[in-house]
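Following: one structure in structure tokens, then a few remarks.
No value in this document is a laboratory result; all are computed from the given coordinates. From a predicted model like this one, the values you see are computed outputs, not experimental measurements. Methodologically, a virtual Cβ is constructed for each residue, glycine included, from the backbone with ideal geometry; neighbour enumeration extends over all protein chains shown.
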Amino acid sequence: MRSLFLALPALALAETISPSGYYNSPTVEEEQQSDLANATSPFVFPGIQGGRVHANDWDEAYEKAREFVSQLTLAEKVNLTSGIGWKMGKCVGNTGDIPRLGFQSLCLQDSPLGVRLTDFVTGFPAGITVGASFNPKLMNERGIAIAAEHRDKGVDIALGPAVGPLGAQAAGGRAWEAFGADPYLQGIAGAETVKGMQSQNIMACGKHWIGNEQEVNRNHLSANLGDRALHELYAWPFADMIHSGVGSMMCSYNQVNHTWACQNSYLLNHVLKDELGFPGFVMSDWGALHSGVDSALSGADMEMSGGGKGAGPDGDGVGDGAAFFGSNLTMALLNQTVPLDRLDDMATRIMAAYYKTGVDITREKRNGEGPSFSSWTLDTYGPQFAYTGEGPIVELNKHSNVQTDLSYRIARQVAQEGIVLLKNVNNTLPLGGPSCTLAHQTAGKSEISGSSFPRKIGILGLAAAPDSRGAVCGPDQRCNNGALAGGWGSGQVNFPYLITPFEAINRRAVEKRSSVQYNFASFDYENFDVQASHNDVNIVFGLADSGEATEVLGNWGDRMNYTLWHNADETILRAANYSSNTIAVISSVGPVNLEKFIDHPNITAVLFALPGGQDAGEAIADVLFGDFNPSGRLPFTIARNDSDYVPIITKGLDDNFDEGLFVDYRWYDHHNVTPRFEFGYGLSYSTFDFSELTIDLHNRPSEYLPPPPSLNSVQSYNDTLPDPSELLFPEEIDRATYYIYPYINSTDQVSTGSKYPYPPNYSNNQPASASPAGGGPGGNPGLWENVARVSAHLTNTGQYPGGYVAQLYIGYPQNSNLPTPPKQLRGFQKVFISPGESEEVKFDLKWRDLSVWDPSIQSWRVLRGTYNIYVGSSSRNLELMDQFTI
Ligand code: BGC
């Protein structure tokens with residue numbers, strides 16, 4: 001579908017640097033002539049020093065950080081910024097330590113849904129699942145529960161949440177790690193997750209900045225996107241996370257407009273640190289640096305995992321012992337290619353984030369204990385350096401159980417709320433008469449007499465059953481021949497258990513003295529027909545999976561197509577042949593093609609379950625049998641035609657985001673294409689009515705933002721460069737092979753003679769003021785002011801208590817220079833209501849919610865004209881509408 005669109009302007013072709021060091025935008029005309037395939041990224045130097053952007057709640061952290069960093073030697077500062085090498089420490093990423101001050105290596109660990117590569121941790125449902133819950137409180141609690149486990153295993157920095165991929169490409173391998181194909185949804189979910197996580201006194205890491213929408217060729221591809229799409233879609237959720245205090249960010253593998261994301265000074269120095277006022281630090285994705293000097297100058301503050309490109313002993317290309325930071329950074333500082341104040345800024349940003357997020361408090365409680373696990377083995381003892389098998393034999397794993405009651409509760413609840421009821425003819429569901437519990441919980445159980453529990457149930461399809469190779473096959477769940485609980489890759493954990501749909505349904509059937517027939521066939525249907533016939537109901541399961549970079553059943557991370565795996569369409573149709581009461585349950589990481597069976601008259605109900613974690617099957621059974629009234633909503637659109645989706649780029653190295661602002665439902669609305677199920681869609685066992693929309697525009701925003709607050713003064717440690725001989729390898733160090741040290745081998749390595757090819761207009765002079773869109777964490781503080789309150793009444797008019805998602809969309813005034821999608825999500829709320837009762841739902845709209853990015857002024861603008869406000873049940877079922885004019 002990409003080729004159908006008018007390209008939105010690329011960032012800039014004719015960029016220049018103004019005398020103040022700022023990026024001067026090209027004119028609209030210049031941009032319109034540009035073509036994404038030729039887009040370039042402007043140079044912006046230097047980045048604003050950390051602590052200069054006003055952020056009251058960072059002030060104390062910056063004071064402490066400066067105090068700490070002022071004591072450090074050059075080598076110690078370099079150590080803070082450098083990973084020690086792949087598999088050279090216990091965590092997936094480990095910085096150098098500072099033994100002189102008793103400062104231990106920082107432990108950085110995946111994943112966004114739990115603690116990766118260890119035992120006795122919770123297998124939480126994925127980001128996309130909590131996205132489908134549309135429940136901000138649950139997003140927050142999930143963050144708390146995940147981070148508490150990280151903290152209790154000894155992690156300092158948990159590598160999540162992911163708000164990129166945005167999910168623009170429906171088959172993108174890692175979209176399930178993030179929260180859904182809409183920036184507003186991603187932004188609320190990202191911010192709530194960050195707040196929850198960091199309340200546990202560890203640091204979160206927002207990733208992947210930016211444009212890493214697909215896995216195929218992710219280390220080569222250039223994501224080419226326009227200035228408006230960058231600001232209004234892809235960077236939007238990162239702004240929310242910055243506003244809520246996220247300590248670190250991870251720059252991504254890909255290029256953006258033909259410059260590597262981790263050495264893209266426009267994206268790091270300018271957008272992230274100036275426009276979005278990010279006070280924390282930027283780490284590279286693992287092996288994502290392509291340079292040392294350029295990356296440091298462009299705004300990368302930490303190299304992960306240390307160890308450059310090239311084939312290491314593992315052949316994994318990650319850790320051959322050469323790093324861009326470590327001793328190479330030391331050399332660049334000594335020969336004055338990288339100014340010392342850049343290193344000071346890198347170290348200060350890292351330490352400010354450390355204090356801001358309370359990692360120091362956690363470390364004090366740990367009493368010097370480091371991580372209690374090793375990512376590389378479950379053996380209790382082994383050699384210290386997993387990569388080389390060298391070093392003393394040490395205790396690697398304490399096997400401590402960090403699962404909490406909260407974790408169990410939240411894992412189950414997210415799985416339940418992440419199930420979307422797509423079809424339910426004549427109240428087929430819930431099975432066996434409802435006993436819906438009002439989730440979280442005011443009215444208790446309300447028993448309603450209904451149909452009786454089915455006497456004979458068919459449980460069919462491979463996706464109902466355990467994978468014969470285990471729930472934790474892979475590693476990182478790189479397998480899929482059974483029930484789907486999550487995608488694969490670094491975003492996954494080792495599950496403590498996995499309850500499959502078969503197990504959960506079978507148990508309920510036994511309790512009710514029902515009879516069960518099952519068959520998990522996929523291609524060979526011997527016996528299937530017998531097991532599928534003479535049942536009161538056939539429940540048939542299908543799945544689609546995806547993951548990170550590596551291959552599973554021919555899918556290189558990204559899905560090859562939108563078809564259900566393991567011949568499930570055929571299995572579903574076969575099951576339907578034998579029962580006029582066939583229920584299809586689809587467990588999938590993203591949109592799939594449902595066309596072959598969705599309208600089949602014998603298929604009376606369809607559930608769409610987003611990856612449900614350890615309780616995936618239990619949650620499905622909860623919904624099937626009415627223990628939980630479904631309240632999930634689709635966090636993406638399901639199309640009728642595969643050609644409606646933005647494809648994965650498999651040829652060439654340019655991924656041109658030609659659809660611009662028209663991603664997901666914005667595209668279907670704009671082109672008047674009817675999807676199968678729209679973004680925000682989902683049924684309930686009850687019925688709900690909206691009424692009484694009111695709008696109070698209490699703070700009418702001006703067209704242009706107020707000027708940004710002035711910047712804090714530039715800080716300096718007044719340090720002079722040490723003599724290179726002080727950086728020579730200390731003799732007492734017993735050097736470990738492939739370990740990344742901050743020391744140099746010989747002073748001859750430090751040559752000051754040659755000139756470094758800095759980009760045109762390179763400057764190290766700190767800017768005098770923030771850019772117009774900047775000045776505070778998350779951008780200009782004006783953007784975060786509440787300007788309007790919208791409210792509506794929601795009444796549960798049905799028989800069942802249950803949750804409902806009220807959604808607010810805005811249609812902006814049309815402006816031919818700044819066209820906007822017909823409507824965009826700008827509010828949602830989840831309410832749980834008993835039958836016959838009403839709730840008032842309230843949405844506070846912020847200045848930014850009414851703003852569009854105007855490339856010609858390089859800032860946000862509130863267009864003059866009429867704003868349509870829609871409130872309703874999905875992006876296409878908007879029961880209430882009103883408007884105001886600005
Ligand atoms: C992934 C990151 C992850 C890192 C460390 C990379 O391949 O892209 O998301 O945090 O590995 O495992």
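Rounded to the nearest Å, what's the spacing between the alpha carbon centres of the range 801-842 and the range 344-420? Just the number, please.
The range 801-842 and the range 344-420 have Cα centres separated by 38 Å.
Grab the other residues whose beta carbon is less than 13 angstrom from that of CYS479, score K and R as +1, D and E as -1, and report the net.
On the way: positive: ARG469, ARG478; negative: ASP467, ASP476, ASP545, GLU551.
Overall, the nearby charge balance is -2.
Report Rg/Rh for the range 158-308, rounded to two decimals, where Rg is the Cα radius of gyration and Rh the Kirkwood radius.
Working: Rg = 13.8 Å, Rh = 14.9 Å.
Rg/Rh: 0.93.
Rg over Rh of the range 481-588, using C-alpha atoms and the Kirkwood radius, what does it come to?
Result for the range 481-588 is an Rg/Rh of 1.01.
Using only Cα atoms and rounding to the nearest 10 degrees, what angle (0 to 90) does helix 56-69 make with the longest principal axis of the chain?
The angle comes out near 50 degrees.
Positive end of the dipole of the chain, charges at C-beta (+1 Lys, Arg; -1 Asp, Glu), about the Cα centre: which of VAL338, THR95, GLN214 has its Cα farthest in that direction?
Ranked along the dipole, the leading option is GLN214.
Can you tell me the Rg and Dmax of the range 754-827, counting just the alpha carbons, in angstroms?
23.0, 79
On the first, second and third principal axes, largest extent first, how far apart are the outermost C-alpha atoms of the range 659-814 in Å?
Each principal axis gives a Cα extent; for the range 659-814 these are 79, 44, 33 Å.
If each residue of separation counts as 0.36 nm, what is the full-extension length gain between ASP748 and THR720 once their alpha-carbon separation is subtracted? It would help to have the intermediate numbers written out before the result.
Values: separation 28, 0.36 × 28 = 10.08 nm, distance 2.00 nm.
Computed gain between ASP748 and THR720 is 8.1 nm.
In nm, to one decimal, how far is the modelled label at ASN815 from the one at LEU653, with both set 7 Å along Cα→Cβ?
Each label point is offset 7 Å from its Cα along the Cβ direction, giving 3.8 nm.
Under a crude label model (7 Å from the Cα following the beta-carbon direction), how far is HIS399 from LYS842 in nanometres?
Here the answer is 5.2 nm between the modelled labels.
Would you kindly calculate the mean projected area, averaged across all directions, of the convex hull enclosing the Cα atoms of the range 739-886, in square nanometres? Before the final figure, lay out each step's value.
Working: hull surface 69.4 nm².
Reported value for the Cα convex hull: 17.3 nm².
How much FRET efficiency would the formula 1/(1 + (r/R0)^6) give for TYR758 and ARG409, where r is the Cβ-Cβ distance and R0 is 60 Å, rounded to 0.05?
On the way: r = 55 Å, r/R0 = 0.91.
Using R0 = 60 Å, I get an efficiency of 0.65.
For the charge dipole of the range 831-878, defined by +1 on Lys and Arg C-beta atoms and -1 on Asp and Glu C-beta atoms about the Cα centroid, which residue among VAL871, GLY836, TRP860 has the Cα displaced farthest towards the positive pole?
So the residue we want is TRP860.
Per DSSP H run of n ≥ 4, the term is -39500 (n - 2.57); total these for the chain, divide by its residue number, and report the mean residue ellipticity at 222 nm rounded to 500 deg cm²/dmol.
Working: 17 runs with 171 residues, N = 886.
Here the helix-only value at 222 nm equals -5500 deg cm²/dmol.
Output the peptides 37-50, 160-173, 616-629, 869-882 sorted from most to least packed, where packing is the average of other Cβ atoms within 10 Å over each peptide's residues. Present the calculation step by step, with values, prior to reporting the outcome.
Values: 37-50: 23.1, 160-173: 28.5, 616-629: 26.1, 869-882: 19.4.
Those peptides, ordered most packed to least, come out 160-173, 616-629, 37-50, 869-882.
State the extension gain, in nm to one decimal, for the chain segment bounded by GLU511 and ASN561, taking 0.36 nm per residue of separation less the distance between their alpha-carbons.
Details: separation 50, 0.36 × 50 = 18.00 nm, distance 4.00 nm.
Between GLU511 and ASN561, full extension yields an extra 14.0 nm.
Which value, in debye to the nearest 20, describes the size of the charge dipole of the chain about its Cα centre when Lys and Arg Cβ atoms bear +1, Asp and Glu Cβ atoms bear -1, and nothing else is charged?
On the way: 60 positive and 96 negative charges, 291 e Å.
Around 1400 debye, computed over the chain.
So how strong a dipole does the range 165-255 carry about its Cα centre when Lys and Arg Cβ are +1 and Asp and Glu Cβ are -1, to the nearest 20 debye? Write down the numbers at each step before the final one.
Details: 5 positive and 8 negative charges, 38 e Å.
About 180 debye.
For the range 329-399, what percent of Cα pairs sit more than 22 Å apart?
Numbers: 1352 of 2485 pairs.
Tail of P(r) above 22 Å: 54 percent of Cα pairs.
Using a 7 Å offset from Cα along Cα-Cβ at SER199, what residues in the range 121-154 end up with backbone N under 17 Å from the label point?
135-152
For a Förster distance of 41 Å, can you work out the FRET efficiency between the beta-carbons of THR737 and SER710, rounded to the nearest 0.05?
Working: r = 51 Å, r/R0 = 1.23.
Once the sixth-power term is evaluated, E becomes 0.20.
What does the convex hull of the Cα atoms of the chain come to per residue, in Å³, rounded to a whole number?
Given the Cα convex hull of the chain, per-residue volume reads 149 Å³.
If you take the beta carbon distance between ILE857 and ASP696 as r and set R0 to 35 Å, what does 1/(1 + (r/R0)^6) give as a FRET efficiency, to the nearest 0.05?
Numbers: r = 29 Å, r/R0 = 0.83.
Computed FRET efficiency for ILE857 and ASP696 comes out at 0.75.
Any idea what angle helix 405-417 forms with the longest principal axis of the chain, computed on alpha-carbon atoms, 0 to 90 degrees, nearest 10?
Roughly 60 degrees between the two axes.
Among SER327, VAL493, GLY542, flag the residue with its Cα farthest along the positive direction of the charge dipole of the chain, charges on Cβ as +1 for Lys/Arg and -1 for Asp/Glu.
GLY542
Run the dipole for the range 595-660 about the Cα centre, Lys and Arg Cβ at +1, Asp and Glu Cβ at -1, nothing else charged, and hand back the magnitude in debye, nearest 20. Let's see the in-between values first.
Working: 4 positive and 12 negative charges, 34 e Å.
It works out to roughly 160 debye.
Can you pull the one-decimal nm distance between simple spin-label points at ASP57 and THR674, each 7 Å off the Cα toward Cβ?
If labels sit at ASP57 and THR674, their model points lie 4.7 nm apart.
Specify whether the C-alpha gyration tensor of the range 204-248 places it in the rounded, prolate or oblate class, a ≥ b ≥ c being the square roots of the eigenvalues: rounded for a/c under 1.5, otherwise prolate if a/b is larger than b/c and oblate if not.
Working: a/c = 3.58, a/b = 1.45, b/c = 2.46.
The shape class here is oblate.
Compute the Cα gyration tensor for the range 624-716, then decide on rounded, prolate or oblate, letting a ≥ b ≥ c be the square roots of its eigenvalues: rounded whenever a/c is under 1.5, prolate when a/b is larger than b/c in the other cases, and oblate in all that remain. Intermediate results must be reported in sequence, preceding the final value.
Details: a/c = 2.07, a/b = 1.24, b/c = 1.67.
Here the range 624-716 falls in the oblate category.
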